[in-house]
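A.B. asks: Sharing a structure, written as structure tokens. Questions coming.
The values are calculated or read from the model by the stated rules, or taken from the named source; none is laboratory data. Keep in mind the model is a prediction, meaning the values are calculated, not measured. Cβ placement follows ideal geometry from the backbone for every residue including glycine, while neighbour counts extend to all protein chains displayed. Remember, those area values only see protein heavy atoms, side chains included, never the ligands or the DNA or RNA. Shrake-Rupley method; radii C 1.70, N 1.55, O 1.52, S 1.80 Å.
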Amino acid sequence: MKRTADVIVIGAGIIGNAAAYYLAKKKMDVIVLEAGDSIGCGGSSRNGGGVRQSGRDPRELPYAIYGIQHIWPTLSEELGTDVEYHQGGNLRLGLNEEHLKILQNFAKKAQNCGLDVKMVDGREVREICPYLSEEIVGASWCPTDGHANPMKTTLAYYKRARELGAVFVTGEAVLSIKKIAGRARKAITVNGNVYEADHIILAAGYESRAIAQTVGIDIPMSRYYEECLVTEMQPPMFDIMLGVATAEIYGHQCEHGSFVFGSGTGLERTFEFDNMRNKCRALNASANCRVIMKYVPSLKDAKVVRVWGGWMDIAQDMVAVIGKTDEVPGLILACGMSGHGFGTGPIVGLMLSQLVLDEELPCDISQLRYDRFKSDR
């Protein structure tokens with residue numbers, strides 16, 4: 001088995017796979033180590049598929065905008081797979097004045113970053129999407145947001161990276177990173193295998209925290225379990241992405257007709273999980289359905305065909321951690337994505353490859369540094 005490369009990528013989600021693809025495309029020798037038994041078995045294939053800019057922290061907006069302008073529109077052609085990307089826009093809905101204040105705050109910050117987003121009233125909301133509730137009093141509207149198929153996109157990057165020579169090893173959980181002469185050089189797995197490279201990209205979701213701690217880097221983050229449901233096929237209704245001011249639900253209608261909606265009960269942090277396995281709960285699905293019917297009453301009779309869930313790695317300030325580490329040269333972080341990893345996965349993967357090669361990045365990501373967290377005591 002191949003054990004040395006130019007770059008080791010830890011984690012075969014969309015970010016790790018995209019990084020592997022862009023590196024392999026530039027003739028770099030890459031090994032991707034995945035703890036699970038399959039590719040994209042974490043949050044990368046278990047999410048609502050949103051490809052959005054609206055509702056984001058201003059620190060995320062520059063690269064989110066760049067990805068939507070320069071990568072997503074031609075991604076299906078580049079990867080040779082239809083990733084079902086649709087740029088139909090995004091309505092983030094509000095039911096009362098408190099909701100509108102939240103949306104107006106997000107919209108103002110986004111406008112200051114150059115994003116085309118505006119507030120619309122309830123009448124305009126139903127002109128954009130007639131299937132929405134009469135109770136909705138307003139929304140933010142971003143016409144350049146959209147959605148894509150998470151599984152297809154994640155596996156498309158994997159397929160192309162392999163075709164270009166990247167090596168993927170599943171069932172190979174990384175236990176620690178070892179420095180040689182002060183530089184991150186080796187990845188040691190629970191199976192006792194040692195892989196060596198000039199650069200190590202750590203993109204393993206929440207597990208990145210424990211791995212980074214082995215070389216003295218601590219990233220304040222936690223994990224959060226989010227569930228989604230899928231309905232039976234429906235007649236074509238709308239092509240936009242939906243969200244709400246309070247983040248209660250998000251979702252869209254897929255190309256084949258089913259709706260995918262993500263939501264929660266608000267009790268997720270109190271749940272206990274058996275060995276952190278993906279395990280759905282009846283409480284979540286019923287809560288999700290109630291919220292969906294409140295905003296999209298047209299779906300009240302739609303049957304739910306399945307539910308599924310996945311883990312999110314949540315940074316302390318809900319913003320991704322991306323970049324090189326000063327104390328450990330050779331180690332590059334991409335974690336704490338806080339539920340935003342899928343939509344920004346392509347551009348983050350591209351930037352990771354550029355960090356390896358010391359190329360100029362398309363966006364300033366200095367505010368995403370790992371050492372930005374400070375105690376307030």
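A.B. asks: Quick one: pull the percent of accessible area on the stretch 315-377 belonging to carbon and sulfur, 1.4 Å probe, ligands and nucleic acids left out. Spell out each step's value before the answer.
C.D. replies: Details: 1170 of 2570 Å².
C and S atoms contribute 45 percent here.
A.B. asks: Next up: So what is the relative contact order for the stretch 38-196, in percent, with contacts set as C-alpha pairs under 8 Å and at least six apart?
C.D. replies: Relative contact order, the stretch 38-196: 28 percent.
A.B. asks: I'd like the carbon and sulfur percentage of the solvent accessible area for the stretch 118-185, probe radius 1.4 Å, heavy atoms only, ligands and nucleic acids excluded. Kindly include the intermediate steps, with their values, before the conclusion.
C.D. replies: Numbers: 1630 of 3120 Å².
The computed percentage sits at 52.
A.B. asks: Say each of E232 and V190 gets a label point 7 Å from the Cα, pointing the same way as Cα to Cβ; how far apart are those two points in nm?
C.D. replies: Reported label-point gap for E232 and V190 is 4.1 nm.
A.B. asks: Once both axes come from the Cα atoms, what is the angle between helix 282-295 and the longest principal axis of the chain, in degrees from 0 to 90, rounded to 10?
C.D. replies: 50 degrees
A.B. asks: Could I have the simple spin-label model distance between K108 and K27, label points 7 Å from Cα toward Cβ, reported in nm to one decimal?
C.D. replies: 5.2 nm
A.B. asks: Note the angle between two axes, namely the Cα long axis of helix 14-25 and the longest principal axis of the Cα atoms of the chain, as a number of degrees from 0 to 90, rounded to the nearest 10.
C.D. replies: On a 0 to 90 degree scale, this one is about 50.
A.B. asks: To continue, here is another question. For the stretch 1-101, which trypsin sites (Lys or Arg not before Pro) are both in a DSSP coil and crowded by at most 15 other Cβ atoms within 10 Å? Walk me through the numbers on the way to the answer.
C.D. replies: Values: sites: K2, R3, K25, K26, K27, R46, R52, R56, R59, R92, K101; in loops: K2, R3, K26, K27, R46, R52, R56, R59.
In loop regions of the stretch 1-101 (DSSP not H, G, I, E or B), the sparsely surrounded trypsin sites (Lys or Arg not before Pro) are K2, R3, K26, K27.
A.B. asks: Within straight cross-link reach of K27, meaning Cα distance under 22 Å, which lysines are found once same-chain residues fewer than 8 apart are removed?
C.D. replies: Here the lysines satisfying the reach criterion relative to K27 are K2, K159, K186, K324.
A.B. asks: Quick one: 3J(HN,Hα) in Hz for the stretch 169-179, Karplus 6.51/-1.76/1.60 with θ = phi - 60°, rounded, Gly and Pro as x.
C.D. replies: Per residue, the Karplus-derived 3J(HN,Hα) values read 10, 8, x, 10, 6, 7, 8, 7, 10, 10, 8 Hz.
A.B. asks: To continue, here is another question. Give the angle, between 0 and 90 degrees and rounded to the nearest 10, that separates the Cα long axis of helix 97-112 from the longest principal axis of the Cα atoms of the chain.
C.D. replies: Once rounded, one gets 50 degrees.
A.B. asks: Please tell me the relative contact order of the chain in percent, rounded to the nearest whole number, where contacts are Cα pairs under 8 Å and at least six residues apart.
C.D. replies: Values: 868 pairs, mean separation 92.1, N = 377.
Value for the chain: 24 percent.
A.B. asks: Further, regarding this structure: Lys and Arg at +1, Asp and Glu at -1: add these up for the other residues within a Cβ distance under 12 Å of K108 and post the number. Walk me through the intermediate numbers first.
C.D. replies: On the way: positive: K101, K109, K118; negative: none.
Summing Lys/Arg as +1 and Asp/Glu as -1 gives +3.
A.B. asks: Once phi is turned into θ = phi - 60°, what whole-Hz ³J(HN,Hα) does the Karplus curve with 6.51, -1.76 and 1.60 give for every residue of the stretch 353-368, x standing for Gly and Pro?
C.D. replies: Taking θ as phi minus 60°, the curve returns 5, 5, 5, 4, 8, 6, 8, 6, 7, x, 9, 7, 10, 4, 6, 9 Hz for the stretch 353-368.
A.B. asks: Would you mind telling me the share, in percent, of accessible area of the stretch 11-92 contributed by carbon and sulfur at probe 1.4 angstrom?
C.D. replies: On the way: 1190 of 2600 Å².
About 46 percent, which is the carbon plus sulfur part of the accessible surface.
A.B. asks: Per residue, what accessible area does the chain have, given a 1.4 Å probe and all protein chains present, in Å²? Don't skip to the answer; put the middle values down first.
C.D. replies: Working: 16080 Å² over 377 residues.
Normalised by residue count, the accessible surface of the chain is 43 Å².
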